[in-house]
Amino acid sequence: MARREGKERAEMPKAKINRESIRKGLQLFSYVGSNKWKFYLGMLFLVGTGATALAFPTLIGEVLKAAEADWDQLLHWGWAILAVFVAQTIFSYFRIYLFVDVTERMLEEVRKATYSNLIRLSMSYLTQRRAGELGSRISADISQIQDTFTTNIAEFLRQFIIIIGGIILLFFTSTKLALAMLLIIPPLAILTVIFGYFVRKKSRGVQDQVADSNTIVEETLQGIHNVKAFANEYFEILRYGNSAAKVRKQAVQVGRLRAAFASFIIFGLFGGIVALIFYGAYLKQQGLMEYGDLVQFMLYTLFVGGSIGGIAEQYNQIQKTLGATDRVLELLNEPGEDVDLDSERRKEYPRFKGSFAFERVNFAYPSRPETPVLQGISFEAKAGEKIALVGQSGSGKTTISSLLLRFYEPQEGQILVDGKPIHDYELTRLRSQMAIVPQDVILFGGSIRENILYGKPEATEEEVIEAAKMANAWEFISKFPEGLEAIVGDRGIKLSGGQRQRIAIARAILKNPSILILDEATSSLDSESESLVQEALEKLMKGRTSLVIAHRLSTIRNADRILVLQNGEILESGTHEELINKDQGLYRRLNVMQSDFM
Ligand code: ADP
Ligand code: MG
């Protein structure tokens, strides 16, 4: 994860610095809220650190001049240096502290806002963007913003102050030398930056090449069965060899470039400084300049040169941050679903009776609008009925349950619950009265108790145990030494498919929904846990309307109505008796096929 974030940071696209991007940066800054004054105070300290830094060369020059005069003078300037020193120490402390404080407050708000937006985004947005990717991109963007607000902006401004102030002070120290310096150092500093940028870009090329070679290793080891079965070792060795040779070639190219860079620095930059010192020494010899001024001058030159070199990187980072800001704001401005976050109101939603109906529903997924998935789906479930959906994989069964949960909007037709279109209900109310037990239950990493409580966070201990018992889960839970506290997931106990299924059922029992969706809830279980789960499901379905998607047809014989789906259309519908007696019926054929297998 950290590696991935690092990679994303390195590849982070930059945004141009212009009025629009700065306006966006400021929009993010508004998350600082009432703490803006701290940022401005921090700015003041920042100017203070710039000014005190600029005072150093002058003070050192003065000390050197005083060294040629008397002790009192020396002591005087010594105290002055100490005072500036102390001031800079204090300024730096508060500058950093204040900037971090403001930035972290801002980021706390931004993090909370992005997360609460992210989690409310519609399913169609999230499935199109791959939610995991979105999450890691946001975290990379936020740490980029963090660095910039705590460090890059401050460094940029400080170096800017030093460059401008330093050049002015250089002219005060010695006009002739300053003019000579301006001719030599800035062009060299700019060349260094460009050269350095070039070298870095080329080395990134090498890194990419290395990554490509590593991909070959990873791929072939993952697919080692294929490599060996096809006796293609020689081919892969050749492929990897070619890639390794490319790495070497590019790396040596970069090596040459770096060698040239080092020589350039030695010859160009140090040469320039030496030439300047030589000219300064000449001026001193001619009696046109004092020794102290010469040292002072050289120190300013180093300050200014260093800042010119450093400011480019800060600028670079600020550009990246504006890009990151843009993406974070894009997410913040993306309208999410209208979810009710008020936990008190949620408890007071009136209960549904639980009837629902589909009326001529046509649907295609937003990511593939040209492929119809459901066509003219109409059926009705009265309160308390059990409706079964059967059909081959890909026929649209899960899609029907997603539409009932309002994960997506149908393009045509409508879905009713208790006789009213589902749009007329608050989204949270609608979903709070439905529960789904899917085929692959994914539990959260916490304890079994937390996982069951997910159905009703305010449930009591008794309710949890009662639900676990009804779900046939209590028997295995009570065998764990930690009981309900046993940790599920990575570092905890391993639960079998059937056990996870029963925890999901307990969760659904606690939620006490009026409409229940079972999406192939028993299809991946062995027959022993299947009967335990099936028994628990029967209890769960009692008194509720249920939509049962079944793989094993034997489990839905007692359904009030069975809908047979094919390619998104309802081909047949009726009770088991009606359908099984239909000559040439699909349901009948499916049944024959399954009984052959079992
Ligand atoms: P079933 O549950 O009957 O196996 P689904 O309802 O999952 O079938 O899928 C029906 C069709 O919709 C399939 O062709 C599937 O490829 C497609 N599909 C399912 N989910 C998505 C999605 N999120 N985006 C695009 N197409 C999807
Ligand atoms: Mg499915």
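Would you mind finding the one in ILE493, ILE487, ILE442, ILE503 that is of a type in the set (Val, Ile, Thr) and at pLDDT 90 or above? Answer to the check: ILE503. Residue count for the range 331-354 satisfying the condition of being out of contact with any Leu (no Cβ under 8 Å at 6 or more places or on another chain), open to solvent by less than 90 Å² (accessible area, probe 1.4 Å) and either of a type in the set (S, T, N, Q) or under 24 Å from LEU121 (Cα atoms) (or both): 4. In the range 292-307, the residues that are farther than 9 Å from GLY280 by Cβ reach residues that are open to solvent by 30 Å² or more (accessible area, probe 1.4 Å) and charged (D, E, K, R) with C-beta atoms within less than 7 angstrom, at least six apart or across chains, in these pairs: GLY292/GLU62; GLY292/LYS65.
I'd like to verify a number: residues in the range 377-387 that are closer than 23 Å to GLN566 by Cα and either away from ligand 1 (no atom under 13 Å from the Cβ) or assigned to a helix (DSSP H, G or I) (or both), how many? Show your work before the answer.
Initial filter on the range 377-387 (closer than 23 Å to GLN566 by Cα): 377-381, 385-387.
When the remaining residues are screened for being either away from ligand 1 (no atom under 13 Å from the Cβ) or assigned to a helix (DSSP H, G or I) (or both), the result is 378-381, 385-387.
Number satisfying all stated conditions: 7.
Do the conditions hold for VAL390, that is, is it in contact with a Leu (Cβ under 7 Å, 6 or more places away or on another chain), within 16 Å of ligand 1 (Cβ to nearest atom) and not hydroxyl-bearing (Ser, Thr, Tyr)? Spelling it out, VAL390 is indeed in contact with a Leu (Cβ under 7 Å, 6 or more places away or on another chain), within 16 Å of ligand 1 (Cβ to nearest atom) and not hydroxyl-bearing (Ser, Thr, Tyr).
Among the residues of this structure, LEU294 does not count as one that is open to solvent by less than 40 Å² (accessible area, probe 1.4 Å), assigned to a helix (DSSP H, G or I), aliphatic (A, V, I, L, M) and more than 30 Å from ILE194 (Cα to Cα). Among the residues of the range 217-249, those identified as within 16 Å of VAL206 (Cβ to Cβ) and open to solvent by less than 60 Å² (accessible area, probe 1.4 Å) are SER243, ALA244, ALA245, VAL247. Considering (1) closer than 26 Å to GLY483 by Cα; (2) in contact (Cβ under 8 Å) with a residue 60 or more places away in the chain; (3) within 16 Å of ligand 1 (Cβ to nearest atom), the lone condition that ALA504 does not fulfil carries the number (3).
Restricting attention to the range 507-531 and to residues that are without any contact (Cβ under 8 Å) to a residue 40 or more places away in the chain and open to solvent by less than 30 Å² (accessible area, probe 1.4 Å), the residue that is farthest from ligand 1 (Cβ to nearest atom) turns out to be SER529. Every test in (1) assigned to a helix (DSSP H, G or I); (2) under 30 Å from GLN433 (Cβ atoms); (3) open to solvent by less than 30 Å² (accessible area, probe 1.4 Å) is passed by VAL304 save one, and that test is (2).
May I ask you to list the residues in the range 170-186 that are open to solvent by 50 Å² or more (accessible area, probe 1.4 Å), in contact with a helix residue (DSSP H, G or I) (Cβ under 8 Å, 6 or more places away or on another chain) and closer than 22 Å to VAL47 by Cβ? Within the range 170-186, just PHE171 meets the criteria. Assessment of the range 209-219 against the conditions (within 21 Å of PHE270 (Cβ to Cβ) and either touching a residue at least 60 places away in the same chain (Cβ under 8 Å) or not β-branched (Val, Ile, Thr) (or both)) yields no matching residue.
May I ask you to list the residues in the range 435-453 that are crowded, with 16+ Cβ neighbours inside 10 Å and under 23 Å from SER478 (Cα atoms)?
Initially, the range 435-453 is screened for residues crowded, with 16+ Cβ neighbours inside 10 Å, giving 435-439, 441, 443, 447-453.
Across the range 435-453, the qualifying residues are VAL437, VAL441, LEU443, SER447, ILE448, ARG449, GLU450, ASN451, ILE452, LEU453.
Return the residue satisfying two criteria in turn: it lies in the range 468-486 and is outside any loop (DSSP other than H, G, I, E, B) and more than 36 Å from the chain's Cα centre (by Cα), and of such residues it is surrounded by the fewest Cβ atoms within 10 Å (Cβ to Cβ).
Of the residues in the range 468-486, the ones outside any loop (DSSP other than H, G, I, E, B) are 468-470, 474-477, 483-485.
Then drop every residue that is not more than 36 Å from the chain's Cα centre (by Cα), which leaves 469-470, 474-476.
Values: LYS469: 17, MET470: 19, TRP474: 19, GLU475: 11, PHE476: 19.
Here the residue is GLU475.
Pairs linking a residue in the range 426-445 that is farther than 19 Å from LEU537 by Cα and outside any loop (DSSP other than H, G, I, E, B) to a residue that is open to solvent by 40 Å² or more (accessible area, probe 1.4 Å) and within 16 Å of ligand 1 (Cβ to nearest atom), with Cβ atoms under 9 Å and 6 or more positions apart or on different chains, are LEU427/ARG406; LEU430/ARG406; ARG431/ARG406.
For the range 404-425, the tally of residues that are assigned to a loop (DSSP other than H, G, I, E, B) and basic (Lys, Arg) stands at 1. Within the range 50-57, identify whether any single residue is part of a helix (DSSP H, G or I) and either at pLDDT 95 or above or under 30 Å from ALA324 (Cα atoms) (or both), and answer yes or no. Checking the range 50-57: at least one residue is part of a helix (DSSP H, G or I) and either at pLDDT 95 or above or under 30 Å from ALA324 (Cα atoms) (or both).
Restricting to the range 382-393, name every residue that is in contact (Cβ under 8 Å) with a residue 40 or more places away in the chain and either within 10 Å of ligand 2 (Cβ to nearest atom) or not small (Gly, Ala, Ser) (or both). Working first, answer last.
So the first thing to find is which residues in the range 382-393 are in contact (Cβ under 8 Å) with a residue 40 or more places away in the chain, and the list is 382-392.
Answer for the range 382-393, where residues must be in contact (Cβ under 8 Å) with a residue 40 or more places away in the chain and either within 10 Å of ligand 2 (Cβ to nearest atom) or not small (Gly, Ala, Ser) (or both): LYS382, GLU385, LYS386, ILE387, LEU389, VAL390, GLY391, GLN392.
Summed over the range 394-425, residues that are within 16 Å of ligand 1 (Cβ to nearest atom), touching a residue at least 60 places away in the same chain (Cβ under 8 Å) and hydrophobic (A, V, I, L, M, F, W, C) total 4.
The values are calculated or read from the model by the stated rules, or taken from the named source; none is laboratory data. Remember, predicted model here, so these are calculated numbers, not experimental data. All Cβ positions, glycine included, derive from the backbone under ideal geometry; neighbour counts span all protein chains shown. Surface accessibility is based on the protein's heavy atoms, side chains included, excluding ligands, DNA and RNA. Shrake-Rupley method; radii C 1.70, N 1.55, O 1.52, S 1.80 Å.
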